[in-house]
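First up is the structure itself, then whatever we jot down about it.
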């Protein structure tokens, strides 16, 4: 129960809510796609190599560029109305309820349940999405030149893009290209419109989902997620925000930043550097453009942690389990190993703790200082665990319950996002690393002691 509550607090503090995007890419879950992951295609990285538009007016199609957008242009619709079609007859005004009926039909197709085998369900969804595209395109032709019908136009855009999104996820390369072509058409029509915003947001969702599915083997998807998240946040910072909720722009930036940072750990140096660069760009956008939000404030803390490497450590102190006090002001003179941990983290007990015990047994205390920052909720359970497992070093633990776990002042000030995590500080008090892994810890400590 303690583990569950602590995880809940972590999620609540870091994200509050993820506004329909699901979990951090690559960590399970996904967006609300309406389709099981079993039918999502395994299309390779070559499916989408388009970067961000930057200018806000050029959504690059990932394919040959020969796909025609299904969204009609105002010019083509106007010309069709002027000529009256092939018969040359004067255009008849469409009844208002025809647009409403088509929108309702499209909505019903989206929410109606599907039964049968996985393959049968896939075919039904495909057929429904194609019908939604057809209905939505008809509505767009009837509404795009009528200012009074803009709400219906935007509803049709939403239905069309969701159908394209679903087909791009579970379909072919042509479906992906068609999805991008339609978003490009919306940008061409009006790059500042709500329709263009919705298009860029849907592409960001698409890349987010692909990153979750394929990112571990094709990490370029995380880089694409970062770039599309920044594109959306820069162009449409307030789009889709509801009172009391996190804006989609913050949600995208937060998810992209955390995903890139998470997957940089353990990657080869070149890839890790690229992913960390993307993470920093997203955190910086949050800290600068959304500084008043909890996520923007946390992003500033993460950037503070990232910037401390190579700098003397300060603003690091706390009470210990034995009634003492630890302060970075006392670190100079011998190397220091700091580790953030919790007794219910399996990774700590199975991977990091044995290495820490080995280091403690081989390296005397006058050569290396070990300091733990315990992120447990309950002091009694923490004491029992420490007695049972012989956790080495001094342990920082705040007596105030409101400052424990992920609410720890050290966690909040330094933007800690991983548990366990290890920092190394050299004998002059300068931070050497904040990202060393358990597998590399012994060699990193040996180098630190030389």
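Below are the figures for this structure:
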read-out: Qualifying residue in the range 437-448 (condition: in contact with a strand residue (DSSP E or B) (Cβ under 9 Å, 6 or more places away or on another chain), crowded, with 17+ Cβ neighbours inside 10 Å and at pLDDT below 95); value: yes
read-out: Selection within the range 285-321 - touching a helix residue (DSSP H, G or I) at 6+ places or on another chain (Cβ under 8 Å), assigned to a loop (DSSP other than H, G, I, E, B) and over 27 Å from residue 395 (Cβ atoms); value: 290, 291, 293
read-out: Lone unmet requirement of (1) touching a helix residue (DSSP H, G or I) at 6+ places or on another chain (Cβ under 7 Å); (2) under 16 Å from residue 434 (Cβ atoms) for residue 331; value: (1)
read-out: Qualifying residue in the range 381-389 (condition: within 24 Å of residue 424 (Cβ to Cβ) and without any contact (Cβ under 8 Å) to a residue 40 or more places away in the chain); value: no
read-out: Restricting the range 416-428 to residues that are more than 21 Å from residue 349 (Cα to Cα) and surrounded by fewer than 20 Cβ atoms within 10 Å (Cβ to Cβ), the residue that is nearest to the chain's Cα centre (by Cα); value: 426
read-out: Matching entry among 229, 265, 257 (being within 24 Å of residue 216 (Cβ to Cβ) and surrounded by fewer than 24 Cβ atoms within 10 Å (Cβ to Cβ)); value: 265
read-out: Residue 148 modelled with pLDDT of 95 or more and surrounded by fewer than 22 Cβ atoms within 10 Å (Cβ to Cβ); value: no
read-out: Answer from 295, 245 - the residue that is surrounded by 19 or more Cβ atoms within 10 Å (Cβ to Cβ), on the phi < 0 side of the Ramachandran plot and touching a residue at least 60 places away in the same chain (Cβ under 8 Å); value: 295
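Yes/no matrix, rows are residues, columns are (1) in contact (Cβ under 8 Å) with a residue 12 or more places away in the chain; (2) under 22 Å from residue 350 (Cα atoms); (3) crowded, with 17+ Cβ neighbours inside 10 Å; (4) under 36 Å from the mean Cα position of the chain (by Cα):
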| residue | (1), (2), (3), (4) |
| --- | --- |
| 364 | no, no, no, no |
| 367 | yes, no, no, no |
| 370 | yes, yes, yes, yes |
| 373 | yes, yes, yes, yes |
| 379 | yes, yes, no, yes |
| 396 | yes, yes, yes, yes |
| 404 | yes, no, yes, yes |
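The values are calculated or read from the model by the stated rules, or taken from the named source; none is laboratory data. Please read these numbers as outputs of a predicted model, since none were measured by experiment. FYI the Cβ positions are ideal-geometry reconstructions off the backbone, even for glycines, and counts take in every protein chain you see.
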